Amino acid sequence: MEYVTAVPHPRTEAARPARAGRRSLALALLCGALGAAVALLATRQQWAEGATPVAGGTIPLTAKGSDVTGVPAALAIVGLAALVAVFAVRRAGRTAVAGLLALCGAGTVAAALAGASDGSALDEQAARAAGDTSATVAALTHTAWPYVAAAGGVLILLAGLLALRYGRLWPSMSGRYERSGAPRPRRAAADPDRPEELWKALDRGEDPTGA
């Protein structure tokens with residue numbers, strides 16, 4: 001009678017971490033790069049608009065994301081740098097950089113949501129336009145771009161969480177370019193009975209006698 005075993009093949013078990021590492025690496029790179037690009041793009045768009053009354057009428061006012069707050073753009077750049085730095089460090093250093101990446105994403109989300117209802121940038125413009133420091137913006141409205149920036153922060157945060165969870169399975173940039181400390185194998189001495197080998201050895205700058 002034949003027996004069927006349920007023990008999985010060793011190669012299948014060993015290949016699972018490798019597949020998980022490749023998939024998480026691709027997803028983290030996509031989320032981190034896309035999130036940083038979205039956050040940077042959103043901060044260059046119009047976040048708020050309004051008007052201020054002046055003698056003879058009103059002056060329309062608008063504010064970009066960079067006018068409201070510079071935090072999302074700065075954290076997006078830092079997060080992008082951290083995403084690259086993850087591959088240049090190992091062990092504890094990789095965990096620390098992955099944590100920084102996650103914090104950049106969380107900070108981007110918080111700053112963007114805080115800027116979604118901030119009217120201080122337009123208040124400053126209103127004060128300058130009216131020539132009165134007590135002047136404030138009227139009919140203040142906000143666009144959806146702050147929430148787009150927050151979505152970019154969520155993607156950066158996801159990249160950081162993936163790096164924290166699967167970073168140990170990812171390849172390291174530094175290990176690929178390290179030189180081995182082992183001495184290079186020496187070429188065999190040229191055969192003195194073959195003159196062409198002697199000339200080739202001399203052309204390479206080697207001692208044809210093998211001394």
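Compute the relative contact order of the range 60-178 as a whole-number percentage, counting only Cα pairs closer than 8 Å that sit 6 or more residues apart in sequence. Could you put the intermediate results ahead of the total?
Details: 157 pairs, mean separation 45.5, N = 119.
Computed value for the range 60-178: 38 percent relative contact order.
Residue 134: net charge of surrounding residues, Cβ under 13 Å, Lys/Arg +1, Asp/Glu -1, itself excluded?
Working: positive: 128; negative: 123, 124, 132.
Net charge around residue 134: -2.
With all protein chains present, how much of the accessible area of the range 14-76 (probe radius 1.4 Å) comes from carbon and sulfur, to the nearest whole percent?
Values: 2050 of 3220 Å².
About 64 percent, which is the carbon plus sulfur part of the accessible surface.
Going by accessible area, probe 1.4 Å, with all protein chains left in place, what is the ranking of 172, 117, largest first? Don't skip to the answer; put the middle values down first.
Numbers: 172 30, 117 90 Å².
So, going from the largest accessible area down, we get 117, 172.
Accessible area per residue of the range 48-94 at 1.4 Å probe, in Å²?
Accessible area per residue, the range 48-94: 50 Å².
Rank these residues by their accessible area, most exposed first, probe 1.4 Å: 47, 145. Intermediate results must be reported in sequence, preceding the final value.
Working: 47 0, 145 85 Å².
Sorted descending by solvent-accessible area, the residues read 145, 47.
Which order do peptides 63-69, 119-125 fall in by mean Cβ count within 10 Å, highest first?
Working: 63-69: 21.4, 119-125: 19.3.
Sorting 63-69, 119-125 by mean packing, highest first, produces 63-69, 119-125.
Over all alpha-carbon pairs in the range 1-160, figure out the percentage whose distance exceeds 21 Å.
Details: 7312 of 12720 pairs.
Value for the range 1-160: 57 percent of Cα pairs lie more than 21 Å apart.
Can you give the local net charge around residue 149? Use residues other than it whose beta-carbon is closer than 15 angstrom to its beta-carbon, Lys and Arg +1, Asp and Glu -1. All intermediate terms of the calculation are to be shown ahead of the outcome.
Values: positive: 44, 64; negative: 67, 118.
Taking every other residue near residue 149 into account, the sum is 0.
At 0.36 nm per residue, and after removing the present C-alpha to C-alpha distance, how many nm does the segment from residue 41 to residue 81 gain when stretched out fully? Before the final figure, lay out the partial values.
Values: separation 40, 0.36 × 40 = 14.40 nm, distance 1.70 nm.
Separation in residues times 0.36 nm, less the Cα-Cα distance, equals 12.7 nm.
Please turn the phi angles of the range 37-46 into ³J(HN,Hα) values with the Karplus equation 6.51 cos²θ - 1.76 cosθ + 1.60 (θ = phi - 60°), one per residue in order, whole Hz, x for glycine and proline.
Calculated HN-Hα couplings, in order: 5, 5, 5, 5, 5, 5, 6, 8, 9, 6 Hz.
The values are calculated or read from the model by the stated rules, or taken from the named source; none is laboratory data. Bear in mind that the values here come from a model prediction, so they are computed numbers and not experimental data. Every residue, glycine as well, gets a Cβ built from its backbone with ideal geometry; the counts of neighbours run over all protein chains shown. To get the accessible areas, we keep the full protein, side chains included, count just its heavy atoms, and leave off ligands, DNA and RNA. Shrake-Rupley method; radii C 1.70, N 1.55, O 1.52, S 1.80 Å.
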